[in-house]
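Below: one structure, written as structure tokens.
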Amino acid sequence: MRLATVVSPDGPRLVVASTSGTGYVDVAAATGIERYRDLNALLIEWDEAQSALYEAAAGHGKVVEPADLAPAVPAPRRVLCLGVNYAAHAIERGSGVPSWPECFVRGPDSVAAPYGELRRPALSERFDFEGELGVVIGRSARLVRREHALEAVAGYVVLNDGSAREWQRVATQWTPGKNFDATMPIGPEIVTADELDASDLELTTLVNGEVMQHARTSQMIVDIPTTIEYLSSFTTLRPGDVIATGTPGGVGRDRTPPVFLKAGDLVEVSIEGIGTIANRVVDERPLDEPWPWQPLAQGSAS
Ligand code: ZN
């Protein structure tokens with residue numbers, strides 16, 4: 001099944017792609033369960049909800065314009081992100097292949113719609129793309145071994161871990177550079193795990209039609225089951241959590257010369273079997289007054 005969320009006058013609504021190919025079916029309306037207008041509410045009941053979802057998907061759908069798609073996970077509980085999970089990216093950034101997973105967290109306000117505008121923060125001159133596979137959790141998991149880890153997965157999604165590089169590197173923690181509002185487009189749909197083996201999918205990132213990243217998910221240093229096992233060492237993964245599995249080589253910062261995103265650029269991230277997200281970059285409204293926090297003035301070259 002393919003789950004999406006659409007914008008509506010009364011807020012976001014969860015929809016499922018009709019198996020007849022006619023468009024999307026409103027999940028709450030089709031099931032009569034009003035709380036299923038919200039993805040997180042459905043994920044909490046993932047085991048029981050799936051049969052109702054399949055029934056809804058058998059109905060006649062309505063066509064939705066791409067611009068009306070909301071983030072496929074509109075309010076993730078949190079986004080647990082792996083940094084440096086492809087060897088080519090480790091080498092290009094000069095850090096060496098890590099022996100322990102690099103992990104950081106993005107908050108729910110950092111997501112953006114799959115075909116909406118991508119706002120370059122007014123405080124970033126070094127705004128960069130990172131095409132990645134996202135894993136949506138549908139079942140709680142703590143101390144889960146890799147052999148059983150995929151049982152926690154509801155589905156898979158495409159995301160762009162938009163990064164303000166000067167804010168990422170000005171100090172040792174990455175949180176600011178990875179948390180500007182609405183800098184992580186996610187979608188277009190969640191493909192449920194029963195329909196997709198995500199272990200070896202082609203991933204491509206284009207900027208203005210030019211290939212910037214091209215890799216396979218089988219090239220991850222830490223694969224998806226091991227990532228879930230690792231994260232479950234210290235936290236209970238819960239329905240509505242998203243894992244960003246790290247970016248392949250080819251990011252803008254590490255190119256010669258660097259390629260940072262500017263207004264008008266079109267960033268497209270595609271993953272085989274899931275789909276494509278496509279976002280036009282716009283500039284956030286400039287500040288009226290100089291702002292006291294300027295990482296480049298601190299001498300951060302990266
Ligand atoms: Zn990333």
**Report entry** Dipole of the range 111-225, positive end: most advanced residue of Val191, Tyr115, His148 [Cβ charges, Cα centre]
**Finding:** His148
Report task. Take the solvent-accessible surface of the protein heavy atoms, probe 1.4 Å, and return the percent of it on the range 28-79 that carbon and sulfur atoms account for. Result -> 53
Query raised in the report: With all protein chains present, how much of the accessible area of the range 179-242 (probe radius 1.4 Å) comes from carbon and sulfur, to the nearest whole percent?
Result: 46
Report summary line: Output ordering of 198-208, 99-109, 129-139 (per-residue mean of other Cβ within 10 Å, highest first) is 129-139, 198-208, 99-109
**Report entry** For the chain, with +1 on Lys and Arg beta carbons and -1 on Asp and Glu, the positive-most of Met220, Trp167, Pro292 along the dipole
**Finding:** Pro292
Query raised in the report: Which of the GluC sites (Glu not before Pro) found in the range 216-302 are loop residues per DSSP with 14 or fewer other Cβ atoms within 10 Å of their Cβ?
Result: Glu272
Query raised in the report: Scaled to the compact-protein estimate 2.2 N^0.38 Å, what is the alpha-carbon radius of gyration of the chain, rounded to two decimal places?
Result: 0.98
Query - Stokes-Einstein diffusion coefficient of the range 55-150, Kirkwood radius over Cα pairs, 10 °C, 1.306 mPa s, in µm²/s - result: 92
Requested in this report: Could you pull the Cα extents of the range 2-68 along its three principal axes, largest to smallest, in whole Å?
Outcome: 30, 26, 17
Report summary line: If each part is reduced to its alpha-carbon centroid, the range 80-118 and the range 1-66 end up apart, in Å, by 30
Query raised in the report: Taking only protein heavy atoms and a 1.4 Å probe, what accessible area per residue, in Å², does the chain have with all protein chains in place?
Result: 44
Report summary line: As a percent rounded to 5, the proportion of antiparallel DSSP bridges among beta bridges in the range 79-298 is 80
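The values are calculated or read from the model by the stated rules, or taken from the named source; none is laboratory data. Bear in mind that the values here come from a model prediction, so they are computed numbers and not experimental data. Heads up, the Cβs are rebuilt from the backbone with ideal geometry, glycines too, and the neighbour counts pull from every protein chain shown. We work out accessible area using only protein heavy atoms, side chains counted, and drop any ligands, DNA or RNA first. Shrake-Rupley method; radii C 1.70, N 1.55, O 1.52, S 1.80 Å.
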